[in-house]
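Laboratory data are not the source of any read-out in this text; all were calculated from the coordinates shown. Note that this is a predicted model, so its numbers are computed, not measured. Neighbour counts are summed over all protein chains in view; Cβ atoms, including those assigned to glycine, are modelled from backbone coordinates with ideal geometry.
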Amino acid sequence: MKAEILQMLRESGDFVSGQELCERFAVSRTAVWKSIQQLQKEGYQIEAVTRKGYRLEGVPDTVAAAEVESRLRTQWIARPVKYFEQITSTNQYAKQMGEEDAPEGMLVVADCQTKGRGRSGRSWATPPGKNIAMSLLLRPPLAPERISMVTLVMGMAVACACRKLYALPVQIKWPNDVVIGGKKLCGILTEMSTEITAVSYIVIGTGINVNMTQFPEELISTATSLVLELGREVNRAELIACVMEEFEGFYQTFLADGDLRSLRGSYNDLLANRDRGVRVLEPGHEYDGTAEGIDDRGQLLVRLEDGSVNAVYAGEVSVRGIYGYV
Ligand code: BTN
């Protein structure tokens with residue numbers, strides 16, 4: 001009920017009477033008052049005035065479940081939200097939940113990760129109170145080789161949400177790093193569990209650098225954050241809700257098509273590598289070419305010097321710019 005109360009207070013922008021809240025949620029005045037007190041304890045400034053009701057005056061900087069849920073406009077994505085102030089890795093927890101029949105659409109969010117995981121066995125830093133670390137549990141009716149496309153869909157959702165909320169020139173470095181001005185803003189790590197030919201669940205882990213200003217020496221030239229790009233801090237819960245809404249829409253389209261045919265145009269418009277030189281790093285083999293965009297299956301089409309085009313599959317290789325990270 002906390003999320004619903006918050007949503008009502010936020011949307012009203014003014015006093016909402018205790019009576020209205022009781023009627024809306026079919027609970028007693030005491031139950032409403034208890035929820036208000038809990039919210040106040042969590043740092044929400046809620047003014048309570050006799051005969052007027054409650055008014056939201058200030059919200060804490062939090063990504064706790066009630067705050068994220070009170071901003072969600074999705075049908076089933078990120079429902080429910082499971083929040084941890086600190087966890088080893090949201091991906092690790094979401095995978096555990098996948099094994100335990102947790103509902104599809106569950107979103108695990110943490111304020112801080114102590115063992116955040118990145119791609120290729122690297123680590124991923126999520127210090128307290130700064131960034132977004134979240135993992136979405138899905139059970140797609142797809143063959144394992146199609147899962148890398150879902151990761152591209154999440155990259156698009158993050159890029160589109162950042163463009164919508166902050167009008168920043170956010171792009172995608174194939175397959176799914178979200179970048180601004182060639183520097184990495186967000187990384188995505190998808191992990192899956194399969195049974196012979198079918199997928200039983202996948203976890204899409206998304207890490208976004210939001211209000212972080214200090215980066216380790218080795219990342220300074222390749223990483224950035226929203227606060228550094230915008231010059232002001234941003235609300236993490238609002239961004240999570242917006243990413244989830246974008247994702248739900250794109251994912252529905254993707255599932256209906258079974259591939260990226262309808263999303264490919266928008267993805268290619270966001271592609272930072274487009275028409276640029278790329279180095280393809282296949283196991284035991286490196287070559288250069290020009291990236292032309294993705295095909296319906298999310299493969300990167302790379303034109304070689306002799307004019308032929310190679311389709312590069314996201315699962316097996318990595319790609320970087322010839323002169324830098326993008
Ligand atoms: C990358 O290396 O680019 C992928 C980084 C993915 C980080 C996110 S943060 C939330 C989720 N939990 C993890 O342990 N990793 C992912």
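Pairs of Cα atoms under 8 Å, at least six residues apart: use those to get the relative contact order of the chain, whole percent.
Reported relative contact order: 13 percent.
Using the 10 angstrom Cβ neighbour count as an exposure proxy, how do R10, R297 rank, fewest first?
Starting with the residue having the fewest Cβ neighbours, the order is R10, R297.
Residue by residue through the range 102-109, which ³J(HN,Hα) values in whole Hz follow from phi under the Karplus form 6.51 cos²θ - 1.76 cosθ + 1.60 (θ = phi - 60°), with glycine and proline marked x?
Couplings: 5, x, 4, x, 4, 10, 9, 10 Hz.
Report, to the nearest 10°, how far helix 236-257 tilts away from the longest principal axis of the Cα atoms in the chain, using its own Cα long axis and a range of 0 to 90°.
It is inclined by approximately 50 degrees.
Quick one: what are the phi-derived ³J(HN,Hα) couplings along the range 120-135, Karplus 6.51/-1.76/1.60 with θ = phi - 60°, whole Hz, x for glycine and proline?
6, x, 7, 9, 9, 8, 10, x, x, x, 10, 10, 10, 10, 8, 9
Tabulate in residue order the Karplus-calculated ³J(HN,Hα) for the range 70-79, using 6.51 cos²θ - 1.76 cosθ + 1.60 with θ = phi - 60°, rounded to whole Hz; enter x for Gly and Pro.
These are the phi-based 3J(HN,Hα) values: 5, 10, 6, 10, 8, 7, 9, 6, 6, 10 Hz.
When the dipole is taken about the Cα centre of the chain, and only Lys, Arg (+1) and Asp, Glu (-1) are charged at their Cβ, what size is it in debye, to the nearest 20?
Dipole of the chain, to the nearest 20 debye: 780 debye.
How big is the antiparallel share of DSSP beta bridges in the range 65-269, given as a percent to the nearest 5?
80 percent
Which far-off residues, 5 or more places away or on another chain, put their amide H under 5 Å from the one on V179, with H placed in the peptide plane?
Under 5 Å from the amide H of V179: Q171, I172, K173, L185.
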